[in-house]
Amino acid sequence: MTARERIAGNVAGYVDDRTGAAKWMKKNLTKVFPDHWSFLLGEICLYSFIILLLSGTFLTFWFDPSQREVVYDGGYQPLSGLKMSAAYASTLHISFEVRGGLLMRQIHHWAALIFMVGIVVHLLRVYFTGAFRKPREFNWIIGVGLLTLGIVEGFLGYSLPDDLLSGTGIRIAEAIIQALPLVGSYIAFFAFGGAFPGEAFIPRIYTVHVLLLPGIFLALITVHLMLVWYQKHTQFPGPGRTEKNVVGYPLMPVYMAKAGGFFFIVFGVTAFLGAVASINPIWLYGPYTPGQISAGSQPDWYMGWLDGLVRMSPPLETHAFGHTISWNILIPGLILPGIMFTGLALYPFIESWATGDKREHHLLDRPRNAPNRTALGAMALTFTIVALLNGGNDIIATTFHLTINQMMWFSRIGVLVLPPIAFIITKRLCLSLQRADRDLVLHGRETGRLVRMPNGEFVEVHEPISAEKAWLLTSHEQIAPLELPEHDAAGVRRPAAIKNKIRNRISRATAVAVPKATETERRELEGHH
Amino acid sequence: MKRLSRLRRHRAAGPILLIFALFTIGTTFQVASAVNNDTTSVADRSATIEEGRQLFLKGCSSCHGINAEGGEIAPSLIGVGAASVDFQVGTGRMPMADMSTQAMRKPPVYNAEQVNALATYVASLAPGPQVPSEESLNYERDGSVADGGELFRTNCAMCHNFAAQGGALTQGKYAPTLMGVEPKHIYEAMITGPQSMPVFSDKTITPEEKLSIIKWIKSAESEPQLGGAALGRVGPVTEGLLVWTLGIGLLVGVAVWLAMKAR
């Protein structure tokens with residue numbers, strides 16, 4: 001034992017005597033994680049969150065969350081001498097006078113955008129591979145909660161500097177609150193402490209932005225990760241991988257190095273964007289006053305699809321008993337998002353109800369092997385993308401020499417027509433890919449090599465695929481459709497007949513698949529050749 | 001008559017007429033310019049008006065009418081003033097390239113002297129806003145950037161965007177970018193209200209305030225890219241585009257690389 005090892009051992013022993021960490025560490029440091037690039041997408045969110053905490057803390061040192069009116073006397077000449085809120089003036093101060101302040105602001109904002117992009121791509125990975133199935137339904141709901149809170153947290157951060165753009169955003173938020181029937185105007189009054197804009201709103205959302213929501217985030221992220229730890233990570237199917245094991249590399253040293261390195265890379269990419277690309281140039285927007293607005297006022301992208309829905313909404317209003325119900329705001333601003341987020345959160349339960357599958361799943365699906373789920377995902381994605389495009393309709397119209405009316409009508413029709421088309425095309429694609437897989441297993445890979453037989457016949461040589469690949473293409477299970485009884489033994493319709501009929505029908509649609517190649521079929525074909 | 005008709009259909013008739021027309025135009029122009037050089041100011045003015053009228057008849061009258069009285073596809077120009085002509089023709093918007101929703105800015109067809117002649121001719125039909133003089137456009141001396149910014153955000157940003165980059169209007173109309181526009185043309189646009197733009201009279205925005213607005217636009221034009229690449233100064237749309245392409249692209253690329261190395 002060298003001197004160095006002895007010292008290390010003594011230190012470790014000292015810590016272990018006082019914490020009992022050795023036993024716990026021994027067990028957990030060897031924990032195995034499966035290896036796939038898409039399993040790192042969630043880490044992007046975690047690391048952006050850490051970057052957000054660090055850069056956000058820096059910004060709080062100088063930011064003054066107050067709507068008190070001040071006269072600007074800072075270094076940015078085009079705003080010199082103008083009246084503005086202390087919040088806006090202090091953001092200008094951070095941007096122009098605090099050393100590294102503008103870089104930190106830009107890192108904070110880019111990190112927020114990357115955080116939300118990370119959440120969405122992580123969600124898509126989890127959805128399309130079926131990783132949300134039992135036992136991970138709770139973690140899925142926590143994830144949907146993080147997505148929703150992320151949108152709120154991002155919007156509050158965007159609103160804090162009290163510039164012309166963010167003030168416009170708050171104004172729209174106020175309008176959406178007011179659209180609530182009966183209680184809307186009261187809630188808006190409570191939130192703003194009086195009439196818009198008042199002096200209370202920014203101090204209030206500041207507390208929510210830097211204290212309440214980050215605290216909730218921290219708690220939810222911790223539970224999210226603890227559940228991953230406890231339930232173990234899912235893995236893609238492959239030779240030697242079962243529902244009962246995890247094939248991969250141990251946390252120490254491989255994943256420690258990978259995850260640690262990835263943190264620095266995420267930080268690097270964020271800092272790079274913060275250094276080279278301007279984001280939220282509040283000094284150009286000017287201070288907020290309710291009498292002003294800029295063309296092309298947009299929210300950040302994660303709110304853009306909601307803005308797009310509001311923009312495409314036809315002017316529907318009901319006047320009854322001295323009240324106005326603004327359906328044009330209520331439906332796209334509150335009802336539709338409510339339905340979408342609820343549907344998203346409940347999806348694992350909906351799918352398990354539709355398929356009748358109540359078993360645990362630790363092996364992931366390839367998206368093509370669950371055509372209905374994949375097609376539904378493509379449908380929801382298409383809806384959101386059309387809405388998002390309409391959120392930027394004015395910028396798109398001027399850039400591509402279209403009219404804003406064409407954009408609006410494209411979106412109004414597209415948002416209804418394109419999602420079902422996406423569903424049909426995606427389902428067809430999945431089934432075609434299944435067919436291709438089947439061909440590959442049965443006939444092997446096409447080599448492109450043509451051979452002329454002695455009798456003059458031309459044949460293309462097919463090369464059998466490896467056993468590993470064949471396993472990959474055939475190991476998934478194909479669920480049989482439910483056949484719930486509609487009649488009892490005596491042939492009388494059961495009370496639950498209608499319910500069962502609906503479930504049977506949905507289950508049949510979900511179970512549509514190209515039969516995968518079986519061993520017998522393969523042998524038979526080999527016998528022929 | 002028969003002979004005349006035969007001559008009219010002669011092969012050389014077209015080219016001969018063309019040469020004759022060009023010769024006439026050239027001579028007229030020559031005479032007009034020559035007259036321009038050495039006469040008193042009243043005569044000078046009437047010659048300019050005549051030159052402008054000639055240019056108008058050739059280039060504008062097919063849509064705006066022989067006497068600028070307007071037609072089915074173009075408005076009357078009586079009373080629009082010299083400023084309007086100077087703006088529309090000086091920025092190349094008129095003559096229009098096609099009958100699209102809105103005339104776009106393009107390299108002007110007429111030179112400064114011809115624009116002046118056209119403007120003088122149209123101004124002679126009825127009084128209207130005048131072209132501002134060089135002296136009255138000293139925005140560097142008479143304007144204030146901060147006031148200009150405030151006025152711009154109150155009166156202009158709703159269509160032209162917060163950084164004067166332009167924006168969309170209804171039915172394919174748009175508010176153009178104000179980057180690289182001559183101060184004179186900005187001023188004329190405010191007093192004449194071209195196309196979809198409203199008129200900002202001297203009662204709404206005083207001449208000094210107009211100069212402040214121009215000074216702010218010029219300052220926005222020359223402002224350095226303070227936070228890095230400006231991304232078009234159109235707000236969060238381009239930021240979202242960048243994060244969904246370069247941002248997540250780089251990170252997914254790294255993730256693929258990290259997962260690959262372990263094999």
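The values are calculated or read from the model by the stated rules, or taken from the named source; none is laboratory data. All figures in this text were calculated on a predicted structure; none of them were measured in a lab. Here the Cβ is made from the backbone with ideal geometry for all residues, glycine too, and neighbour counts use every protein chain on show.
Here B:Met190 meets the list (1) touching a Lys or Arg at 6+ places or on another chain (Cβ under 9 Å); (2) under 30 Å from A:Leu103 (Cα atoms) almost entirely, failing just condition (2).
If you check A:Gly194, A:Gly215 for being surrounded by fewer than 14 Cβ atoms within 10 Å (Cβ to Cβ) and modelled with pLDDT under 95, only one passes: A:Gly194.
When you check A:Tyr186 against the structure, is it in a helix (DSSP H, G or I), hydroxyl-bearing (Ser, Thr, Tyr) and surrounded by fewer than 20 Cβ atoms within 10 Å (Cβ to Cβ), yes or no?
yes
I'm trying to understand the selection: among the residues of segment B:120-159, which are part of a helix (DSSP H, G or I), among the charged types (D, E, K, R), away from chain A (no Cβ under 14 Å) and without any contact (Cβ under 8 Å) to a residue 60 or more places away in the chain?
Let us first name the residues in segment B:120-159 that are part of a helix (DSSP H, G or I), namely B:120-125, B:135-137, B:139-142, B:145-155, B:157-159.
So of that shortlist, the ones also among the charged types (D, E, K, R) come out as B:135, B:140-142, B:147, B:150, B:153.
Within this subset, residues satisfying the condition of being away from chain A (no Cβ under 14 Å) are B:135, B:141-142.
Correct list: B:Glu135, B:Arg141.
Looking at segment B:160-263, the helices (runs of 4 or more DSSP H) lying wholly inside it that each contain 3 or more residues that are within 12 Å of chain A (Cβ to nearest Cβ) sit at B:207-222, B:236-242, B:248-261. In segment A:436-458 there is at least one residue matching the filter, namely being at pLDDT below 90, closer than 30 Å to A:Ala511 by Cα and surrounded by fewer than 13 Cβ atoms within 10 Å (Cβ to Cβ).
When restricted to residues that are closer than 27 Å to A:Phe96 by Cα, part of a helix (DSSP H, G or I), facing chain B (nearest Cβ under 7 Å) and without any contact (Cβ under 8 Å) to a residue 12 or more places away in the chain, segment A:259-290 contains 2. Checked against the criterion of being assigned by TED's automatic domain parsing to the domain that holds A:Pro287 and of a type in the set (S, T, N, Q), the candidates A:Thr2, A:Thr19, A:Thr60, A:Thr30 yield just one match: A:Thr60. Applying the set (1) surrounded by 20 or more Cβ atoms within 10 Å (Cβ to Cβ); (2) more than 19 Å from the chain's Cα centre (by Cα) to B:Val85 leaves exactly one unmet item: (2). Taking segment A:109-126 as the range and being more than 8 Å from the chain's Cα centre (by Cα) and buried (at least 24 other Cβ atoms within 10 Å of the Cβ) as the test, the residues that pass are A:His109, A:Trp110, A:Ala111, A:Ala112, A:Leu113, A:Ile114, A:Phe115. If you filter segment A:241-258 down to residues that are facing chain B (nearest Cβ under 9 Å) and in a helix (DSSP H, G or I), you find that the one that is surrounded by the most Cβ atoms within 10 Å (Cβ to Cβ) is A:Lys258.
Residue pairs whose Cβ atoms lie under 7 Å apart, sitting 6 or more positions apart in sequence or on different chains, and linking a residue in segment A:118-130 that is within 11 Å of another protein chain (Cβ to nearest Cβ) to a partner that is polar (S, T, N, Q), are A:Gly118/A:Ser48; A:Arg125/A:Ser38.
Need the failing condition index for A:Asp35 against (1) surrounded by 14 or more Cβ atoms within 10 Å (Cβ to Cβ); (2) away from chain B (no Cβ under 14 Å); (3) not β-branched (Val, Ile, Thr), just the number. So the condition that A:Asp35 fails would be (2). In this structure, B:Ala164 does satisfy being of a type in the set (A, V, I, L, M) and under 29 Å from A:Pro281 (Cβ atoms). Taking each residue of segment A:506-517 that is in a loop (DSSP other than H, G, I, E, B) and looking for partners that are of a type in the set (Asp, Glu) and crowded, with 17+ Cβ neighbours inside 10 Å with beta-carbon atoms closer than 9 Å, six or more apart or interchain, yields A:Val514/A:Asp437; A:Lys516/A:Asp437; A:Ala517/A:Asp437. Is there a residue in segment A:465-479 that is in contact with a Leu (Cβ under 7 Å, 6 or more places away or on another chain), of a type in the set (Val, Ile, Thr) and surrounded by 12 or more Cβ atoms within 10 Å (Cβ to Cβ)? Yes. Assessment of segment A:443-452 against the conditions (in a strand (DSSP E or B) and either small (Gly, Ala, Ser) or within 14 Å of chain B (Cβ to nearest Cβ) (or both)) yields at least one matching residue. Residues of segment A:295-345 that are in a helix (DSSP H, G or I), more than 27 Å from A:Leu164 (Cα to Cα) and touching a residue at least 60 places away in the same chain (Cβ under 8 Å): A:Phe341, A:Leu344, A:Ala345.
Pairing residues of segment B:162-173 that are crowded, with 21+ Cβ neighbours inside 10 Å with residues that are aromatic (Phe, Trp, Tyr), at Cβ distances under 7 Å and at least 6 apart in sequence or on separate chains, gives B:Phe162/A:Tyr285; B:Gly167/B:Tyr174; B:Ala168/B:Tyr174.
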